[in-house]
1. Just wondering, is there one or more residues in the stretch 50-59 that are among the small types (Gly, Ala, Ser), modelled with pLDDT of 95 or more, surrounded by 12 or more Cβ atoms within 10 Å (Cβ to Cβ) and in a strand (DSSP E or B)?
2. Output yes when any residue across the stretch 4-24 is part of a strand (DSSP E or B) and either modelled with pLDDT of 90 or more or of a type in the set (Ser, Thr, Tyr) (or both), and no when none is.
3. Can you tell me which residues in the stretch 60-77 are assigned to a strand (DSSP E or B) and closer than 18 Å to residue 106 by Cβ?
4. Can you tell which of 36, 71 is small (Gly, Ala, Ser) and either modelled with pLDDT of 95 or more or surrounded by fewer than 11 Cβ atoms within 10 Å (Cβ to Cβ) (or both)?
5. So which residues in the stretch 98-111 are in a loop (DSSP other than H, G, I, E, B), of a type in the set (Gly, Ala, Ser) and surrounded by 15 or more Cβ atoms within 10 Å (Cβ to Cβ), if there are any at all?
6. In the stretch 78-97, which residue that is touching a Ser or Thr at 6+ places or on another chain (Cβ under 7 Å) and in a strand (DSSP E or B) is surrounded by the fewest Cβ atoms within 10 Å (Cβ to Cβ)?
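The values are calculated or read from the model by the stated rules, or taken from the named source; none is laboratory data. Nothing here was measured: the structure is a model prediction, and the numbers come from that model. As a convention, Cβ positions derive from the backbone with ideal geometry for all residues, glycine included, and neighbour counts pool all protein chains shown.
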Amino acid sequence: MLSVGARNVVLTIDAEQTYPHGSGSTIEEYSSVMGGHETFSVTGDETVKVCFLDGNGSSRNYNPSGVFPAGYHVQLVNVGGEDIIFDSGVLASTISAGDLGMFFYDGTIWY
């Protein structure tokens, strides 16, 4: 199933499925059993962040913080049983249990 909103695309797949990335991408992988809401930032030269998040019994927010380069790409896999809200203050895109959310930064806003 592919759901397209005004500013986001959520692709529903099996949480263990993988897919190829464009050449030249520097990828950072991040996993968390979340104890609360979390923020993330650019930690090096990565252009893609692949996140495996478990809300640990509660719906959680996962928010960008700091400066991001245009073209930055976040792939968020919800491996838990609760919703994860990406960019809760602006985009507020809900990733349900077992779903994958893909988000892109254009230098101004997240899509």
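1. There is no residue in the stretch 50-59 that is among the small types (Gly, Ala, Ser), modelled with pLDDT of 95 or more, surrounded by 12 or more Cβ atoms within 10 Å (Cβ to Cβ) and in a strand (DSSP E or B).
2. No, the conditions are met nowhere in the stretch 4-24.
3. 63, 64, 73, 74, 75, 76
4. Of the residues listed, the single one that is small (Gly, Ala, Ser) and either modelled with pLDDT of 95 or more or surrounded by fewer than 11 Cβ atoms within 10 Å (Cβ to Cβ) (or both) is 36.
5. Passing the criteria: only 98.
6. Start the filter on the stretch 78-97 by keeping residues that are touching a Ser or Thr at 6+ places or on another chain (Cβ under 7 Å), which leaves 78, 82-83, 85-87.
Narrowing the set further to residues that are in a strand (DSSP E or B) leaves 78, 85-86.
Details: 78: 25, 85: 19, 86: 25.
The extreme case among them is 85.
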